[in-house]
Ligand code: PMV
């Protein structure tokens, strides 16, 4: 009956950028100054799970994050709700017979939980908004290209709408219609690739990505150089490395891009520091390890926080994990290894 709530639950995994997104050319539509590329994790690992209920009896839209009610009037949340309802209305007006009677006027109650620390630079907003948009779309019977809506929740969220290796093409248009995520290779493409997450700190980051990017765009000439003259050719090289499954090329580009992103943070005025002394020790360890074998076996990347994300191949995982546990015993300095994550699986349930 019309009074029974329509309830849908979905999960979406975190994605880790190997070519970083940093800087917007349009704040409201969330249009980036450069393209980016990421790997979406296995959905059983770092993920957000969201349940959306819609019912005629609900008086207003409401949202709970990790059990705590949050402000539904949040601008980007409102963008996602508005855009999904707009698409649903368009579909109904186009006379889609598959669209059931789920009222477009029905209010929704949203419950979202992360299985990892929120806002610690572990891309929680990416999984969160991807999951929200995907689940809302199911509730309102909307299908098709949804990355443009997820992007308006959080830029990096558009890449979590697909599994495997995903690029976010920056686009050229002012209205953002061509600023979308696209799968480069599916999750089955490179089964030997592994991702390890080293949690150096689970605290909330001191400077969020939104204000950090703003200051960087306003003050860093290195960021401008990076967006215009470095990323375009680096994107092409990275896509080629992924397609060839060339770990050496993939790893070196990943480390260089992480380092350049953090260099633009230091070039920002006042400067932004996301790396901690533990992060710097991890960077040195990776380079020493690779030098020891005379080949690039391991790569690191860091987002807006001190936690290291390590890429390596299956056969090197046991030894490298031992090394990490030796140098970062979890009871002494807070550094703790958490997961060996395969990437060879589906992204959204
Ligand atoms: O989507 P946001 O606003 O959380 O920004 C993400 C920025 C980085 O994680 C640092 C880089 C990226 O491409 O994910």
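Observations on the structure shown:
- Test for residue 113: is it in a strand (DSSP E or B), touching a strand residue (DSSP E or B) at 6+ places or on another chain (Cβ under 6 Å) and at pLDDT 95 or above: no
- Remark: pairs (first residue in segment 207-221, within 20 Å of residue 29 (Cβ to Cβ) and not assigned by TED's automatic domain parsing to the domain that holds residue 155; second residue within 11 Å of the ligand (Cβ to nearest atom) and assigned to a helix (DSSP H, G or I); Cβ separation under 6 Å; 6+ apart in sequence or on different chains) = 216/264.
- Test: residue 309 is closer than 15 Å to residue 20 by Cα, modelled with pLDDT under 95 and in contact with a strand residue (DSSP E or B) (Cβ under 9 Å, 6 or more places away or on another chain): yes
- Within the set 312, 268, 296, the sole residue that is assigned by TED's automatic domain parsing to the domain that holds residue 219, within 14 Å of the ligand (Cβ to nearest atom) and either over 23 Å from the mean Cα position of the chain (by Cα) or surrounded by 14 or more Cβ atoms within 10 Å (Cβ to Cβ) (or both) turns out to be 268.
- Filtering segment 32-58 to residues that are within 14 Å of the ligand (Cβ to nearest atom) and more than 15 Å from the chain's Cα centre (by Cα) leaves 33, 34.
- Residue within segment 37-56 that is surrounded by fewer than 24 Cβ atoms within 10 Å (Cβ to Cβ) and without any contact (Cβ under 8 Å) to a residue 24 or more places away in the chain present: no
- Among the residues making up segment 271-289, those that are in contact (Cβ under 8 Å) with a residue 24 or more places away in the chain, more than 21 Å from residue 207 (Cβ to Cβ) and either in a loop (DSSP other than H, G, I, E, B) or over 24 Å from the mean Cα position of the chain (by Cα) (or both) are 281, 285, 289.
The values are calculated or read from the model by the stated rules, or taken from the named source; none is laboratory data. Note that the structure is predicted; figures quoted are calculated from it, not measured. For neighbour counting, all protein chains shown are included, and Cβ atoms are generated from backbone atoms with ideal geometry for every residue, glycine included.
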